[in-house]
Structure formats: structure tokens, C-alpha cells
Amino acid sequence: MASAAHLLAQPLTLPNGSVLPNRLAKSALSETLGTMDNRVTPALVRLYERWAKGGTGLLITGNIMIDRRALGEPGNVVIEDDRDLPLLKAMAEGVASHGSKLWAQINHPGKQSPKGLNRENVSPSAIPFGKQMQAFFTTPRELTDVEILDIIARFGRAAGVVKQAGFHGVQIHGAHGYLVSQFLSPKHNIRTDAWGGTPENRRRFVLAVYQAMRDAVGPDFPIGIKLNSADFQRGGFTEEESLATIQALAAVGIDLVEISGGTYEAPAMAGKKTSTVEREAYFLEFAEKVRQHITTPLMVTGGFRTLTAMNAALGSGAMDVVGLGRPLCIEPDASKRLLAGEETRHRVKMISTGIKQIDDMALMEVMWYVRQLHRMSRGEEPKPKESALWSLLTNMLTNMRGTLKTRRLRAS
Ligand SMILES: Cc1cc2nc3c(=O)[nH]c(=O)nc-3n(C[C@H](O)[C@H](O)[C@H](O)COP(=O)(O)O)c2cc1C
């Protein structure tokens, strides 16, 4: 037990010299706690302070968008300028006061945005979603070259703002089927210009995003990326291309690579598509392969539940940081227990409405967990036994209301 706690409690020095206080990280969890015009709220300040008290060394925010015209959900925070600096500063100060680090996950949804929320959705190519998802997502419009350059600049601008607010790092959301992931995928990016066609061209966007962020934050500020090991889709982004992308990012100085996998069409990040669940952490085998090629610190997220598995993974040398998502939604102090060599109090279980078609959708589970985040943001405790069907229905209503309000505000 003592050695398990010992490994998790070790600080980690990133290549640029900044130090993570221990090996536990909260992976990004989209809180949807912004206002309907996408501003930061005091609820976010409270939620992050609650997590920081729980001992997790690195807290990565839920995806922060960079364009009010391109939301992933109603209530996303959007950073286009410095209008929310005071509350962003309060978030960073609250986290730092407990010795943890706060990184902002920066994202653009591309086409992965529910029908009706944005006026239109964009993507590298106008490829529709698979049949099952077409009821929820529209076919996007192909981005122009000028728009691509604008989006790259927006990633940089958002990174500069959070640095100014006192955040300790940023993370590019390059996983789960959002825009960066769409550019990387040969299934979703069939462009024939400099942004598509070959693996090198498809990687051009993420490398340009990294560079725009680096230019905005300077050499000493950590920039990480969350990347899919693979998309788990026929004709999609493969492990070979993922490794090549990681090597390209390592060569230009990325500070931390978080490995995940899947998209809403094939939700491997939630453990629904992988074949390696018996190893608890879904993407550990891929991390082992990556480790043979690069020395950049690796974080692996998806499936970690027990002290024994976390310890074994760190002890193997294949990875450096344990990413936790759902466990910290139901037990914000889980890291304190793990660092003390104890198992967590609550175990993540499958969330089920009893209706198979609904249970198969990644979004249903996400909605259940979001309700737990909202409880914590009001100063309440999570409710690990909350009914899945009830949470689904109330969340659908909240989302519908949110979509209407967002559209009304945009029109006014
Ligand atoms: C409520 C919820 C919101 C999420 N939002 C994000 C997000 O904004 N960005 C992201 O990269 N991943 C997001 N994820 C995925 C998690 O970061 C994580 O990869 C996934 O839950 C697997 O880890 P776990 O098994 O420890 O939960 C979300 C997951 C949940 C449950």
C-alpha cells in the first residue's frame, strides 16, 4: 500500500520545468456551467475549488470554446477576448490556494455540435454523420482557408487569455471527434488542399494550432494535448497515425500528451468500444507503444478505478499521469484517499436507464455525470445513486431550453 501511495504522490517535472504536485489529474469534464451567452460563472469557481481541495494535482477544465458561433453544448464557456478575466482569475486563484494546477482545455467542436444550437456547423469536409447520429447532428459545411486560419488564431488568443488569468497551462482538445480530431481523420477530412490528402497535411492543422498557442504563451508555459489513440471507426484515425502525430508534436515541444480514444459515433473513451477493458485502463497498451518512441510525459485517461491498477501503470514506466474523469464526478476527494494509499469510497458503475438504445449513447452517461458536477457547483454533494432516467429527462429539458435561449440571445 505504501509504495502505491508513494508513486501517485511523486511530483512530475515537465520538460519546460513546471511541476505537477502529484500524478493524479482530473481529465476535462464539460461542465456546461457558463451563462447562456457563454460567460464564466461563480459556479465554476466553486466547483474547481471543491476539486482542488480533493488533492488532485492537475485539474483540466472542461472544453472551453473559442468562437460563440461554434458551441458544442449550451452553457459552454467561450473565450474570444479578456471580458471574463476577473472570474477566470478567481478560478485559478482558488485552485492554486490548495496547491493544485489548473489547465484550460481549448476546443472547437467542428461538426460535432447538436442540431439547432449553432446557425451552421463547419468541418474540414462536408461529410455527414453516420445514420444513427443524423437525428442529432447536421451535415457540416466545408471550411474555407481563411476560416481555418481564423480558427487557428482563436486557439492562440484563448491560450493567451487564460495565461493572463493565472492558469498554469493549456490543453488542446485533439480527441473525441471534435474539430482537431476531424482534421486528423481520413474519414472526416477529404480535402485536397494543404490541409488534407496525406497524413502530413491532415496533421498540419494541429501543428499550426500548437504553434499559435506557443506564440501566445511563450516557451515556459505548459501546452498539452488530448489525443485519440484511434477513432475506432472504419477508415478513421489509426494508432499508426496517432503515434506519428504524437512524434511530430513532441518534436516541436508539447509538454504533456493525454491519451484517450473514440468519438460520439464510437465512444471508446467511455469504455464502450475497446477490447482492452480487462486491463482497467482502456488505452494503456497504446501508451506502452508510444513510450518506446518518445520521452514526453504521458497521461492516460479512461477506466482507471483502483489504486492497484494506477500503481501498476505508473510502476510499469509506460505513463506518468493517471487521468480520472467519472470517479471525480461522484467523489471529488477521491485523490486524497488514493494519495493516502486507500481505495476510493465510491466505484464508477454503468449508468443505465434500462433502455438499450439510450444506454448505448455516450451522451446519456455524460448527462448523468454533468448533474453531479452541477450539484457540486452549488455546494451540494454528488448523488452516486441518482436515477439515470430522471437525469436524462431533466437534462434533455435543460439542454432544449438552453439551445432556445442561446439562439434567442444570438438573434437579439
Ligand atoms: C460529464 C463528462 C464530460 C466530459 N467532457 C469532456 C470534455 O469536455 N473534454 C474531454 O476531452 N473529455 C471529456 N469527457 C471525457 C473524459 O475526460 C474522460 O476521457 C472519460 O470520462 C474517460 O475517463 P474515466 O473512465 O475516468 O471517466 C467527459 C466525460 C464526462 C463523463
Tally up the residues in the range 350-366 that are open to solvent by 70 Å² or more (accessible area, probe 1.4 Å) and within 12 Å of the ligand (Cβ to nearest atom), please.
1
Note on the range 315-329: residues near the ligand (Cβ under 10 Å from one of its atoms) and farther than 13 Å from Gly57 by Cα are Gly325, Arg326, Pro327, Cys329
Would you confirm whether any residue within the range 238-257 is buried (at least 18 other Cβ atoms within 10 Å of the Cβ), part of a loop (DSSP other than H, G, I, E, B), in contact with a helix residue (DSSP H, G or I) (Cβ under 9 Å, 6 or more places away or on another chain) and at pLDDT below 95?
no
One residue from Leu392, Leu397, Leu338 being touching a strand residue (DSSP E or B) at 6+ places or on another chain (Cβ under 8 Å) and either within 16 Å of the ligand (Cβ to nearest atom) or open to solvent by 70 Å² or more (accessible area, probe 1.4 Å) (or both):
Leu338
Pick out the one residue from Val290, Val300 that is more than 16 Å from the ligand (Cβ to nearest atom), crowded, with 17+ Cβ neighbours inside 10 Å and closer than 29 Å to Gln112 by Cα.
Val290
Could you check how many residues of the range 222-244 are away from the ligand (no atom under 16 Å from the Cβ) and either touching a Phe, Trp or Tyr at 6+ places or on another chain (Cβ under 9 Å) or polar (S, T, N, Q) (or both)?
5
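The values are calculated or read from the model by the stated rules, or taken from the named source; none is laboratory data. The shown structure was predicted, so the numbers you read here are calculated from the model rather than taken from an experiment. Neighbour counts are summed over all protein chains in view; Cβ atoms, including those assigned to glycine, are modelled from backbone coordinates with ideal geometry. Each accessible area value is taken on the protein alone, full model and side chains, heavy atoms only, with ligands, DNA and RNA left out. Shrake-Rupley method; radii C 1.70, N 1.55, O 1.52, S 1.80 Å.
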